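The values are calculated or read from the model by the stated rules, or taken from the named source; none is laboratory data. Everything numeric here is computed off the predicted structure, so don't read it as measured data. Cβ atoms come from the backbone with ideal geometry, glycine included; neighbour counts cover every protein chain shown.
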Amino acid sequence: MLEVDGMQIGDNIFTPENIRPLVMRSLRRSSVRKKIAEYLFDISPSGSYTSDIAYNVKTTPTNVIGAIRGMNSRYRDDESLIGLNIVEQIEAHKNVKIYRLTDFGKEIVNSMKEKR
């Protein structure tokens with residue numbers, strides 16, 4: 001069972017409403033994850049590749065990959081943007097990966113912008 005902010009979420013019941021607290025906490029804890037989600041929201045429905053995202057959010061491609069896909073202890077896999085169903089990976093060409101916001105990701109970023 002997964003525990004999120006004191007709430008227990010049943011085995012494998014990852015509906016958008018159940019993981020919303022984890023998603024919001026994850027974005028609050030990492031400015032890189034938040035900036036990436038906001039950048040992808042701004043260019044939506046298009047996606048972008050790692051180095052372009054890094055340039056636009058003013059960080060390194062390694063940080064972008066970590067935030068999007070997870071990377072050991074620095075960026076936990078379960079709090080990655082893909083792991084939280086905020087971002088999806090699309091194979092554009094042979095070895096080119098494009099990342100774009102999911103519908104759930106758009107909803108999350110939109111709700112964050114409304115609260116400002």
All positions within the range 77-116 that are out of contact with any Gly (no Cβ under 9 Å at 6 or more places or on another chain) and part of a loop (DSSP other than H, G, I, E, B):
His93, Lys94, Asn95, Val96, Thr102, Lys115, Arg116
Tally, over the range 88-115, of residues that are at pLDDT 90 or above and among the aliphatic types (A, V, I, L, M)
5
It is to be established whether one or more residues within the range 51-62 are more than 23 Å from Leu22 (Cα to Cα), out of contact with any helix residue (DSSP H, G or I) (no Cβ under 9 Å at 6 or more places or on another chain) and either among the basic types (Lys, Arg) or at pLDDT below 95 (or both).
no
Search the range 88-116 for residues that are more than 14 Å from Ala37 (Cβ to Cβ) and pair each with any residue that is of a type in the set (Phe, Trp, Tyr) and surrounded by 11 or more Cβ atoms within 10 Å (Cβ to Cβ) when their beta-carbon atoms are under 7 Å apart and the residues are at least 6 apart or on different chains.
Gln89/Tyr99; Val96/Tyr49; Lys97/Tyr49; Ile98/Tyr49
Of everything in the range 105-116, what is surrounded by fewer than 18 Cβ atoms within 10 Å (Cβ to Cβ) and either within 18 Å of Ile53 (Cα to Cα) or touching a helix residue (DSSP H, G or I) at 6+ places or on another chain (Cβ under 9 Å) (or both)? Give them in sequence order.
Lys106, Glu107, Asn110, Ser111, Met112, Lys113
So Ser30, is it within 24 Å of Lys113 (Cα to Cα), modelled with pLDDT under 90 and either in contact with a Lys or Arg (Cβ under 9 Å, 6 or more places away or on another chain) or not aromatic (Phe, Trp, Tyr) (or both)
yes
Identify the residue in the range 53-63 that is without any contact (Cβ under 8 Å) to a residue 40 or more places away in the chain and closer than 19 Å to Lys106 by Cβ and, among all such residues, is nearest to the chain's Cα centre (by Cα).
Val57
